[in-house]
Each structure stands twice: as structure tokens, then as C-alpha cells.
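Trainee: Before anything else, here's the structure in question.
Every number in this text was worked out from the coordinates using simple rules, so none of it is lab data. Just so you know, these numbers come straight off a predicted model, no measurement behind them. Counting neighbours? That spans all protein chains shown, and the Cβs are built from the backbone with ideal geometry, glycine included.
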Amino acid sequence: MKALLLGLGLQGKAVAHDLERSLFIHEIIAADLEAEKTRDYLSRHDYKKVRVVSLDASQEEEMRRLVRESGAQIAISMLPITFGYRAARAALDAGIPYVSSNYTGQVAELQHEALEKGITILPEMGMDPGDDLLLGRMAISELDEVRGFYSYGGGLPEPSCADNPIRYKITWTFDGVLKSYVRPALILRDGKEISISGTDIFKEKYVHSVEVPEIGKMEAYPNGDAVKYMDIFGLGKKVKHMGRFGLRWPGHCQFWRVMVDLAFLEETPENLDGISISPRRFLVRHLEPRLQFQEKERDLVIIQVQAWGLKDGREKTITYRLLDYRDLATGLFAMNRTVGYTASIGAQMILSGKIRKPGVLSPAKDVPVREVLRELEARGMKISRQVEEGNKLVLKNDG
């Protein structure tokens with residue numbers, strides 16, 4: 001079978017690496033704006049199945065033509081989320097399934113047509129969203145009645161190389177990271193929805209500490225809309241707490257709270273000595289080269305989900321945790337692996353018939369979760385489970 005991979009950036013490289021080793025795939029068409037740079041990377045890593053073509057994703061008709069004429073049996077997009085809808089639209093028009101690690105967003109509008117055509121569209125099949133939803137589904141399934149659910153996710157340098165003032169290095173688009181640092185959040189606390197503006201997510205009353213076994217103390221900040229996952233997971237009215245949080249090393253949130261207060265994450269361009277640039281774009285250009293990993297340094301991905309409630313009439317807390325580190329042999333970061341391998345596994349399950357359902361799907365309910373987790377473990381990721389009596393979730397500095 002032939003797969004079309006749209007985008008060969010950091011996460012796309014992990015998709016190509018995994019598909020190269022797939023028994024289902026005999027050819028991979030990798031489409032990227034920087035085609036020559038991509039060819040050089042692939043030749044240095046001795047990929048045999050990959051053929052590179054040039055693609056400017058901003059040209060919609062160019063993308064549609066590529067997807068239509070590729071002859072691929074599936075399209076996998078590792079493009080930025082701004083191109084997500086048009087990539088899914090192109091795949092649907094070409095009559096082939098589509099997998100992406102991006103949030104569903106506007107792609108949900110394709111549900112009716114995808115059902116009519118019998119086409120599978122699987123967004124949110126990455127690390128976060130993606131692996132967090134799979135682990136969340138596992139935790140929730142072990143309770144008779146869910147009272148609360150908290151999900152944590154973070155990609156950061158392991159302690160030995162967290163050696164700069166903000167204890168952070170780049171494994172994802174840094175501009176995307178900074179955009180997420182001013183994204184509004186919605187949580188549920190004591191049965192009440194709390195809306196948090198994008199400029200407030202790092203305020204002390206919304207940040208709490210988390211102790212992660214084997215890792216240590218971390219700090220968590222609100223990360224997007226957690227309440228919508230009540231419907232996605234099919235939770236009822238008895239849920240009193242829902243939270244979705246990013247994880248960072250201590251001190252990170254305090255730094256960015258100051259930067260937000262000083263308007264350094266504003267998108268509106270300013271004229272600086274005849275050069276028009278926004279404060280955020282200036283930060284990206286200034287900090288990006290200073291926040292890179294060295295060749296032998298590793299990043300760490302942590303996903304931790306906790307569901308608490310009743311099981312057989314007794315209070316229990318169920319915790320699932322995924323840990324992964326950079327693979328120095330391949331050079332792939334843990335962030336690349338958890339995003340790219342998960343998307344690749346989803347695509348291969350569609351091609352093998354293990355995922356057959358048409359429509360716009362969600363990892364929270366529509367994929368064989370145990371099998372996906374086994375595949376991730378086979379690729380070297382560590383997944384653990386913990387069951388405790390009572391509600392063991394303790395929040396500090398959480399307002």
C-alpha cells in the first residue's frame with residue numbers, strides 16, 4: 001500500500017520512520033515545502049520507501065491535486081493546524097482515509113459527508129491530543145461512576161539538560177508553544193465551569209504542583225477547554241471536576257506570567273526602527289536558537305491522566321502514565337515519537353481494517369485503545385497504571 005505524508009517537519013520525520021518499517025506500506029510519498037532539505041535528511045537516514053515531492057500547503061488547489069493524483073490509500077497530515085481542514089477536505093474528495101495529530105476543530109464539519117462516502121477521518125491521533133485521550137479512556141472505563149478527571153501532558157528537557165533559565169527546549173514549533181501560552185482555558189471545579197482568559201493561565205491561583213513518580217515535582221497550568229471532554233468521553237452530570245493541564249519544570253510558569261503581563265506574547269506588529277514585527281515573533285526569532293537541544297541531550301514526554309469516583313461502591317483513583325525519552329540512535333525526540341508514531345499506528349490500523357468506522361472519529365472512543373497502547377510500548381514507551389483507594393488527587397496553589 002501507498003501512504004501520502006503531508007509535512008516532514010519534526011513530527012513528520014517520526015511518521016516516516018515508523019511507516020518505513022511497516023509491513024503494510026510499500027511506498028511513502030512525503031510532501032514538504034522544503035523538498036531538497038527533506039531529500040537530504042532521508043538520504044542520510046537510508047530510507048528506502050520514501051519519495052519526496054514539493055508541496056506548498058498554502059496553495060489549496062496544489063494540495064488537492066497532489067492528494068487526488070498520488071494514488072495513495074491513506075493521507076497522514078503533519079502540517080500545521082491552519083492547513084488541517086483543507087488537507088482533510090482533499091482526502092475526503094479523493095476518497096481516501098485521513099489521519100492527523102491536530103485538534104478536530106473545523107474538520108468536524110465533514111462528519112456527514114464522510115459518513116455518506118464511508119471514509120474514515122481520524123484527527124487528534126497524536127500525543128496531546130491523542131495519547132492522553134487513549135489513557136483517559138482506559139482510566140474512565142475502570143470506574144462505575146466518575147466524579148472527576150484531570151489530564152496532564154508535557155514535553156520538556158530531561159533534568160540533566162534543563163540548563164537554561166526557563167528549563168525548556170524546543171521539540172515543537174516554538175511559535176505554536178507561545179500561542180498556546182495565551183490560549184483561553186475552561187475547567188470544571190466543584191461542578192462550576194471556570195473560564196480562564198488566555199492572559200491568566202499562568203496566574204498563581206490557576207497553577208498547581210504535581211508529583212510525577214520517577215520524575216519529581218512539576219507545575220501544571222490550564223491547557224485549553226477541558227469541559228468539552230465530558231461529552232467526548234460520555235461522562236454524566238455527576239462529574240464535578242474536569243481539568244486539562246500542561247506540565248513544566250518549576251519556575252517556568254512564573255517566568256511566562258511576567259512575560260504575558262509585559263505583553264511579550266502580543267501578536268499585533270509594532271514598528272521598531274522601520275521593521276514591523278510583533279513582540280511574539282521577536283521572541284520566537286530571539287529565543288529559538290538559544291533553546292535547542294544538543295546532539296546527545298534528551299527530551300522527556302509525560303502524559304498522566306487521573307480519574308476518580310466510585311468502583312463497586314468504594315472511592316478509587318485510577319492513574320495512567322506514559323513516559324518517553326529521545327531515542328539517541330535515531331535522533332528522534334520523545335515529542336516526535338509520541339506524536340508521529342501514534343499517527344502512524346492509527347493509519348496502519350485503518351489500512352489493516354482494525355479501524356473501519358466511517359466519519360470523523362476520536363481516539364477517546366473509536367480506536368482499539370489497548371492495541372494502540374501495546375504498539376506504543378513495543379516502540380519503547382513506558383506505560384504504567386496505578387489504583388488507589390479514595391481520591392488521591394491533591395492540588396496545591398489551585399485557587
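Trainee: Would you calculate a helix-derived [θ] at 222 nm for the chain, using -39,500 (n - 2.57) for each DSSP H run of n ≥ 4 and dividing by the full residue count, to the nearest 500?
Mentor: Rounded to the nearest 500, the figure is -8500 deg cm²/dmol.
Trainee: Same structure again: In nm, to one decimal, how far is the Lys228 label point from the Ser195 one, both placed 7 Å along Cα→Cβ?
Mentor: Output for this residue pair reads 1.5 nm.
Trainee: Right, something else. Scan the chain and report its longest stretch carrying no GluC sites (Glu not before Pro) that are both in a DSSP loop and have at most 12 other Cβ atoms within 10 Å.
Mentor: That gives 1-213 as the longest site-free run.
Trainee: Please rank Val99, Val260, fewest neighbouring Cβ atoms within 10 Å first, as an exposure proxy.
Mentor: Val260, Val99
Trainee: Another one. For Leu262 and Leu33 in the same chain, what is the full-extension length gain: residue separation times 0.36 nm, less their Cα-Cα distance, in nm?
Mentor: Additional length available on full extension: 78.9 nm.
Trainee: Counting only C-alpha contacts under 8 Å and six or more residues apart, can you give the relative contact order of the stretch 1-157 as a whole percent?
Mentor: Relative CO of the stretch 1-157 lands at 18 percent.
Trainee: Please name which of Val387, Tyr206, Phe174 has its Cα lying farthest along the dipole of the chain towards the positive end, using unit charges on Cβ (Lys, Arg +1; Asp, Glu -1) and the Cα centre as origin.
Mentor: Most positive-ward Cα: Val387.
Trainee: Using Cα pairs under 8 angstrom and six or more residues apart, how large is the relative contact order of the chain, in percent?
Mentor: 21 percent
Trainee: Which distance in Å, rounded to a whole number, links the C-alpha centroids of the stretch 76-122 and the stretch 218-277?
Mentor: Taking the Cα centre of each part, the stretch 76-122 and the stretch 218-277 sit 26 Å apart.
Trainee: Report the Stokes-Einstein translational diffusion coefficient (µm² s⁻¹, integer) for the stretch 323-380, Rh taken as the Kirkwood radius over Cα pairs, at 20 °C with viscosity 1.002 mPa s.
Mentor: Estimated via Stokes-Einstein, D reaches 174 µm²/s.
Trainee: Hey, another quick one. Compute the normalised compactness of the stretch 188-335: alpha-carbon radius of gyration over 2.2 N^0.38 Å, N being the residue count.
Mentor: Taking N as the residue count of the stretch 188-335, the ratio is 1.31.
Trainee: Loop sites only, by DSSP: take the trypsin sites (Lys or Arg not before Pro) in the chain that have at most 13 other C-beta atoms within 10 Å and name the longest stretch containing none of them.
Mentor: Between exposed loop sites, the widest span is 49-236.
Trainee: Something else now. When the Kirkwood radius is taken over all Cα pairs of the stretch 64-113, what Stokes-Einstein diffusion coefficient follows at 10 °C and 1.306 mPa s, in µm²/s?
Mentor: 146 µm²/s
Trainee: With viscosity set to 1.306 mPa s at 10 °C, what whole-number translational diffusion coefficient in µm²/s follows for the stretch 2-123 from Stokes-Einstein and a Kirkwood radius over Cα pairs?
Mentor: Rounded, D is 111 µm²/s.
Trainee: What residue among Ile215, Ile350, Ile28 shows peak mean-square fluctuation when the chain is described by a Gaussian network model with Cα springs under 10 Å?
Mentor: Residue with maximal mean-square fluctuation among Ile215, Ile350, Ile28: Ile215.
Trainee: Same structure, new question: Compute the FRET efficiency between Asp273 and Gln294 as 1/(1 + (r/R0)^6), taking r as their Cβ-Cβ distance and R0 = 30 Å, and round to the nearest 0.05.
Mentor: 0.35
Trainee: Remind me, what semi-axes does the chain give for its equivalent ellipsoid, largest first in whole Å, using sqrt of 5 times each Cα gyration tensor eigenvalue?
Mentor: In descending order the semi-axes read 32, 27, 21 Å.
Trainee: Considering the options Tyr325, Gly251, Ile275, tell which one lies farthest towards the positive end of the dipole of the chain, charges being +1 on Lys and Arg and -1 on Asp and Glu at the Cβ, about the Cα centre.
Mentor: Farthest towards the positive pole: Tyr325.
Trainee: If you don't mind, another one. Might you report the magnitude of the Cβ-based charge dipole of the stretch 135-290 about its Cα centre, with Lys and Arg at +1 and Asp and Glu at -1, to the nearest 20 debye?
Mentor: Dipole about the Cα centre, nearest 20: 240 debye.
Trainee: Say R0 is 30 Å: what FRET efficiency, to the nearest 0.05, do Gln106 and Asp312 get from their beta-carbon distance?
Mentor: With R0 = 30 Å, the Cβ-Cβ based efficiency is 0.10.
Trainee: DSSP beta bridges in the chain, what fraction antiparallel, as a percent rounded to 5?
Mentor: Antiparallel: roughly 65 percent of the beta bridges in the chain.
Trainee: Next question. Give the residue from Pro97, Gly155, Ala87 lying farthest towards the positive end of the charge dipole for the stretch 68-157; charges sit on Cβ (+1 for Lys and Arg, -1 for Asp and Glu) and the dipole is referred to the Cα centre.
Mentor: Projecting each Cα onto the dipole axis, the largest value belongs to Ala87.
Trainee: Rounded, prolate or oblate: which one fits the stretch 141-226, using the alpha carbon gyration tensor with axes a ≥ b ≥ c (rounded when a/c is under 1.5, else prolate when a/b beats b/c, else oblate)?
Mentor: It comes out oblate by the Cα gyration axes.
Trainee: Could you let me know the centre-to-centre spacing of the stretch 130-208 and the stretch 300-350, using Cα atoms, in angstrom?
Mentor: Comparing the Cα centres of the stretch 130-208 and the stretch 300-350, I get a distance of 14 Å.
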